[in-house]
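> Following this message is one structure expressed as structure tokens.
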Amino acid sequence: MSRATVELDFFGMEKANSGKSQFQRFVDRRRSFRGAISKMNPELIKSVISSGSTNLSPVDWRKSFSVPSSPKEDRSSPVPSLPILNPALRVSSEDGPETAPMTIFYNGTVSVLNVTRDKAESIFKLAVEGSSRNFESTDSSKAANPSRHQQNLLETRNGDLPIARNKSLQRFLEKRKERLTCSSPYA
Amino acid sequence: MEERRTAPFNTGMPDAVLKCVLPYLDGPRDRASISLVCRRWYELDSASRKHITIAFCYTTTADRLGRRFPAVESLKVKGKPRAAMYDLIPDDWGGYVRPWVQEVAANLDRLRWLHFRRMIVRDSDLEVLARSRGGVLRALKLDKCSGFSTDGLFHIGSMCRELRTLCLEESSIVELDGQWLHEIAMNNSILETLNFYRTDLVQVSFEDLERIARNCCNLTSVKISNCEILDLVGFFRAAAVLEEFCGGSFNNEQSDRYNAVTFPPKLCRLGLGSHRMPSVFPFASLLNKLDLLYALLDTEDHCLLIQRCPNLEILETRTVIGDRGLEVLAQSCKKLKRLRIERGSGNVSVSHRGLTVLAQGCLALEYLAVYVSDITNASLESIGTYSKNLCDFRLALLDREETITDFPLDNGVRALLRGCEKLRRLALYLRPGVLTDVGLGYIGRYSPNVRWMFLGYVGSSDTGLFEFSKGCPSLQKLEMMGCCFSERALAHAALQLPSLRYLWVQGYQTSSQSSDDLLAMARPCRNIELIPARRVITTDQVEEAVVLEHPAQILAYCSLAGPRTDFPETVISLDPVL
């Protein structure tokens, strides 16, 4: 099942998140999505665009600001974790010959990703479809206790339903969990 | 004795002869065939039919029942769709027993056994029943019902003194007190089966239980809700012929006190809410039924217990049994007929490895229902090869693992269906991609005897459903969830499947023009009902708001009663006349 709806958070919907936490979440996920993400100073982006240059050496960039490091990046290439505007400095991808970098400018952030064609198409599709529905499910998932998601809830993700559990058994398992948590008040 | 003169379209057989033969024919399908031969045979069948099951309460009316079968002695009526057991149906959906109870009270003089399943019962209904038939009623089963309280049960306890069987399993009952059981204890001396298992009735007094055990010398089956086992020592001593016991819990810290508990000598069907199994070991070899659904055993405990139960025929437990437990089962329990593995909450799971070993070891298996975390074609083939007695197979694939080892499962499913020739009931709850359109077509082609199916997340397009509906000649009841099928395909399937009389679907491609596509399946004597997508907000255990999104549901069924008249707001009837 596609988990693309989760990726959408990454597109800067949650403005409150710093680039680092966004990035940290991204690194934690086991996906075939690879690439370097960072938040860049909008002024810097403007200067790049106005200069029309894409050939700045990595070293110059590093002097201007700090970038969160990417363990995956380090593994995959000797080039340090910089957002890449220069195609020549593209991070070598582990995905295979089909990936290409995709750069996304959104609301003051720039992200560069190495994606396969399929992934790129699904990103385009998602961006076009909009995200109002995903907003809803994000909000409702915040309202509910996250640990219960896997167990009990009927949560829609684009119409997908996890398995509902037999009522009486569910009550028994919930009561047992309560009893276990209540019995160790110092835990 | 009446002798009929031979007429061109008459069998020439005197009624007296028929009346001698008919009592030997009590299977519903045989009786249905008899009633179709000619008017005389129809009348004889009507006058002598003893048992009726109304598989869905809105297919007919209570007074039609009374008019056709006035001598019926045993009646079973089912209400809400099965999905109600998983909280997918609104509570007030319907399925009221009132019209049936009124018919019983008014006209069905011979009625002795009454069973309502997944229906809404009111205290007043129970009072009417008790007052009208209390003197003769022998069995009352309110199975997964709701809407009544212990006051209604009080009437049953005080007026139904001929009751041999009272079953309330899994019903939602408002508990006001424990007086109802006291009434039974004071008034009944012939009770054989008492069951309020999986209810929340806890105000019952164990002294009343003990009194019942002393008074009722035929008490063979008692299933209760939570009650401390230590309080039941007297009960167990008094219930000398008890064969089945379920419920109770071991809550006392001083575990040596449990050594005083001796179970009745004939006990062979058991269900304990306990982590203490050593107390069972002395008579484990007598057990033929074991219910571990509410027990607190881990995998190792399961293995230790199961290997001591060579006579086990029925086992219900949770996924904590694990593949290792299934191996022990396969080695030790050669007589196993029914196995149900419900979804637990821990990390241990059951997979194709356990299922393969189980199929090879337990050749007598007739019913298998299991939640798995992983499944392969080879394991399904094993089931097809070895489980030749399998009548009922239900498989649900958990979404714990990201991918499964081996998919699609098309070939495995085909092998299973071709091998298990006796299969009558089938449930497959999978994931998108696990059973393709081809596989769905196989199900259609290779399930000649299957009468009921539940399919979740199968197929990938309408083509699959078209192929499926070319087959399944015996399919009467079809339930589907998480479908990718359009309304048009569903309507087409409903018209194609030759035996289909009940269709329930949740999660499908709604079409843009409201339900016109669905109306294509409209026929006289067929009702179509919709429950549009709803959002339900409840609070969970920790008082947090939980939003549940329920997709739309369709329910279509054959009926002689016309559209329902007792809809709640959530249900819409599609009436083609409008």
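The values are calculated or read from the model by the stated rules, or taken from the named source; none is laboratory data. Note that this is a predicted model, so its numbers are computed, not measured. Virtual Cβ from ideal backbone geometry, glycine too; neighbours counted across all protein chains shown.
> Please indicate, with yes or no, whether at least one residue in region B:138-151 is crowded, with 22+ Cβ neighbours inside 10 Å, out of contact with any strand residue (DSSP E or B) (no Cβ under 7 Å at 6 or more places or on another chain) and either within 18 Å of residue B:181 (Cβ to Cβ) or away from chain A (no Cβ under 14 Å) (or both). Working first, answer last.
Kept after step one, since they are crowded, with 22+ Cβ neighbours inside 10 Å, are these residues of region B:138-151: B:140, B:142, B:144-145, B:148.
Subset that is out of contact with any strand residue (DSSP E or B) (no Cβ under 7 Å at 6 or more places or on another chain): none.
So far as region B:138-151 goes, no, none of its residues is crowded, with 22+ Cβ neighbours inside 10 Å, out of contact with any strand residue (DSSP E or B) (no Cβ under 7 Å at 6 or more places or on another chain) and either within 18 Å of residue B:181 (Cβ to Cβ) or away from chain A (no Cβ under 14 Å) (or both).
> Continuing with this model, one more query. Might you check whether a residue that is within 27 Å of the chain's Cα centre (by Cα), surrounded by 14 or more Cβ atoms within 10 Å (Cβ to Cβ), under 15 Å from residue B:508 (Cβ atoms) and of a type outside the set (A, V, I, L, M, F, W, C) occurs anywhere in region B:554-569?
No, region B:554-569 contains no residue that is within 27 Å of the chain's Cα centre (by Cα), surrounded by 14 or more Cβ atoms within 10 Å (Cβ to Cβ), under 15 Å from residue B:508 (Cβ atoms) and of a type outside the set (A, V, I, L, M, F, W, C).
> In addition: Out of the residues in region B:193-217 meeting the condition of being of a type in the set (S, T, N, Q) and at pLDDT 95 or above, tell me which one is nearest to residue B:276 (Cα to Cα). So that I can check it myself, show each step before the final result.
Keep residues of region B:193-217 that are of a type in the set (S, T, N, Q), which gives B:193, B:195, B:199, B:203, B:205, B:215.
Still in the running and at pLDDT 95 or above: B:193, B:195, B:215.
Details: B:193: 26, B:195: 23, B:215: 30 Å.
Checking each candidate, the answer is B:195.
> Could you check region B:47-75 and list, in sequence order, the residues that are among the polar types (S, T, N, Q), part of a loop (DSSP other than H, G, I, E, B) and under 22 Å from the mean Cα position of the chain (by Cα)? Don't jump to the end; show me each part of the working.
The first filter runs over region B:47-75 and keeps only residues among the polar types (S, T, N, Q), leaving B:48, B:53, B:59-61, B:74.
Then keep just the ones that are part of a loop (DSSP other than H, G, I, E, B); that gives B:60-61.
Once the filter is applied, which keeps residues that are among the polar types (S, T, N, Q), part of a loop (DSSP other than H, G, I, E, B) and under 22 Å from the mean Cα position of the chain (by Cα), region B:47-75 yields only B:60.
> Restricting attention to region B:217-236, and to residues there that are part of a loop (DSSP other than H, G, I, E, B) and of a type in the set (Ser, Thr, Tyr), which single residue is farthest from residue B:175 (Cα to Cα)?
Of the residues in region B:217-236, the ones part of a loop (DSSP other than H, G, I, E, B) are B:217-220, B:224-227.
Add one more test, that the residue is of a type in the set (Ser, Thr, Tyr), and what stays is B:220, B:225.
Details: B:220: 26, B:225: 13 Å.
Looking at residues that are part of a loop (DSSP other than H, G, I, E, B) and of a type in the set (Ser, Thr, Tyr), I get B:220.
> For the subset of region B:486-516 comprising residues that are assigned to a loop (DSSP other than H, G, I, E, B) and under 27 Å from the mean Cα position of the chain (by Cα), which member is farthest from the other protein chains (Cβ to nearest Cβ)? Even if it seems obvious, please write down each step before you answer.
Step one: list which residues in region B:486-516 are assigned to a loop (DSSP other than H, G, I, E, B), which gives B:497-501, B:507-508, B:510-515.
Among the residues that remain, those that are also under 27 Å from the mean Cα position of the chain (by Cα) are: B:497-501, B:507-508.
On the way: B:497: 24, B:498: 30, B:499: 28, B:500: 24, B:501: 25, B:507: 6, B:508: 9 Å.
Step by step, filter region B:486-516, then rank; the result is B:498.
> Here's another thing I want to ask about it. Taking the options B:338, B:353, B:424, B:445, name whichever one is within 26 Å of residue B:475 (Cα to Cα), more than 26 Å from the chain's Cα centre (by Cα) and of a type in the set (Lys, Arg). Let's see the steps before the verdict.
Working: B:338 fails: more than 26 Å from the chain's Cα centre (by Cα); B:353 fails: within 26 Å of residue B:475 (Cα to Cα); B:424 fails: more than 26 Å from the chain's Cα centre (by Cα).
B:445 is the lone residue from the list that is within 26 Å of residue B:475 (Cα to Cα), more than 26 Å from the chain's Cα centre (by Cα) and of a type in the set (Lys, Arg).
> Could you please tell me which pairs satisfy a Cβ distance under 9 Å, a separation of 6+ or placement on different chains, a first residue in region A:168-179 that is free of Cβ contacts under 8 Å to residues at least 12 places away in the same chain and more than 7 Å from every other protein chain (Cβ to nearest Cβ), and a second residue that is of a type in the set (Lys, Arg) and surrounded by 15 or more Cβ atoms within 10 Å (Cβ to Cβ)?
Listed by first residue and then by second, the contacts come to A:171/B:198.
> Select, from B:409, B:417, the only residue that is among the hydrophobic types (A, V, I, L, M, F, W, C) and under 20 Å from residue B:477 (Cα atoms). Spell out how you get there, then give the answer.
Numbers: B:409 fails: under 20 Å from residue B:477 (Cα atoms).
After applying the criteria, what remains is B:417.
> Report, by residue number, each residue of region B:385-402 that is out of contact with any Leu (no Cβ under 7 Å at 6 or more places or on another chain) and of a type in the set (Ser, Thr, Tyr).
Once the filter is applied, which keeps residues that are out of contact with any Leu (no Cβ under 7 Å at 6 or more places or on another chain) and of a type in the set (Ser, Thr, Tyr), region B:385-402 yields only B:385.
> If residue B:316 passes every condition in (1) at pLDDT 95 or above; (2) crowded, with 22+ Cβ neighbours inside 10 Å; (3) within 14 Å of chain A (Cβ to nearest Cβ) but one, which one does it miss?
It is condition (2) that residue B:316 fails.
> Now for a separate question. Condition test on residue B:308, is it within 14 Å of chain A (Cβ to nearest Cβ), closer than 21 Å to residue B:244 by Cβ and charged (D, E, K, R)? Reasoning before the result, please.
On the way: within 14 Å of chain A (Cβ to nearest Cβ): no; closer than 21 Å to residue B:244 by Cβ: yes; charged (D, E, K, R): yes.
So residue B:308 fails the test.
> Listed residues B:189, B:225; which is within 14 Å of chain A (Cβ to nearest Cβ) and either charged (D, E, K, R) or without any contact (Cβ under 8 Å) to a residue 40 or more places away in the chain (or both)? Give the steps one after another, and end with the answer.
Values: B:189 fails: within 14 Å of chain A (Cβ to nearest Cβ).
Checking each option against the conditions leaves just B:225.
> Looking only at region B:218-236, count how many residues are surrounded by fewer than 15 Cβ atoms within 10 Å (Cβ to Cβ) and either at pLDDT 95 or above or in contact with a Pro (Cβ under 8 Å, 6 or more places away or on another chain) (or both).
Number satisfying all stated conditions: 1.
> Further question on the same structure: Would you check if residue B:293 is touching a residue at least 40 places away in the same chain (Cβ under 8 Å), within 14 Å of another protein chain (Cβ to nearest Cβ) and not in a helix (DSSP H, G or I)?
Numbers: touching a residue at least 40 places away in the same chain (Cβ under 8 Å): yes; within 14 Å of another protein chain (Cβ to nearest Cβ): yes; not in a helix (DSSP H, G or I): yes.
Yes, satisfied.
> Looking at region B:383-399, can you tell me whether even one residue there is out of contact with any Phe, Trp or Tyr (no Cβ under 8 Å at 6 or more places or on another chain) and at pLDDT below 95?
yes
> Oh, and also: Looking at (1) more than 18 Å from residue B:90 (Cα to Cα); (2) surrounded by 19 or more Cβ atoms within 10 Å (Cβ to Cβ), can you tell me which one residue B:547 breaks?
If we test residue B:547 against (1) more than 18 Å from residue B:90 (Cα to Cα); (2) surrounded by 19 or more Cβ atoms within 10 Å (Cβ to Cβ), just (1) comes out false.
> Starting from residues that are outside any loop (DSSP other than H, G, I, E, B) and modelled with pLDDT under 90, keep the ones in region B:248-270 and report whichever is farthest from residue B:344 (Cα to Cα). So that I can check it myself, show each step before the final result.
Initial filter on region B:248-270 (outside any loop (DSSP other than H, G, I, E, B)): B:248-249, B:255-260, B:269-270.
If we keep only those that are modelled with pLDDT under 90 too, we end up with B:248-249, B:255-260.
Working: B:248: 20, B:249: 19, B:255: 26, B:256: 29, B:257: 30, B:258: 27, B:259: 30, B:260: 32 Å.
The qualifying residue farthest from residue B:344 (Cα to Cα) is B:260.
> Another question, then. Going by what's in this entry, would residue B:445 be described as under 21 Å from residue B:360 (Cα atoms) and in contact (Cβ under 8 Å) with a residue 24 or more places away in the chain? Write out each step before concluding.
Details: under 21 Å from residue B:360 (Cα atoms): no; in contact (Cβ under 8 Å) with a residue 24 or more places away in the chain: yes.
Here the answer is no, as residue B:445 does not meet what is asked.
> Quickly run through region B:271-290 and pick out the residues that are away from every other protein chain (no Cβ under 14 Å) and part of a loop (DSSP other than H, G, I, E, B).
Initially, region B:271-290 is screened for residues away from every other protein chain (no Cβ under 14 Å), giving B:276-290.
Residues satisfying the conditions are B:276, B:277, B:278, B:279, B:280, B:287, B:288.
> For the subset of region B:520-553 comprising residues that are basic (Lys, Arg) and more than 12 Å from chain A (Cβ to nearest Cβ), which member is nearest to the chain's Cα centre (by Cα)?
Taking region B:520-553 as the starting set, the residues that turn out to be basic (Lys, Arg) are B:523, B:526, B:534-535.
Those left that are additionally more than 12 Å from chain A (Cβ to nearest Cβ): B:523, B:526.
Values: B:523: 29, B:526: 24 Å.
The qualifying residue nearest to the chain's Cα centre (by Cα) is B:526.
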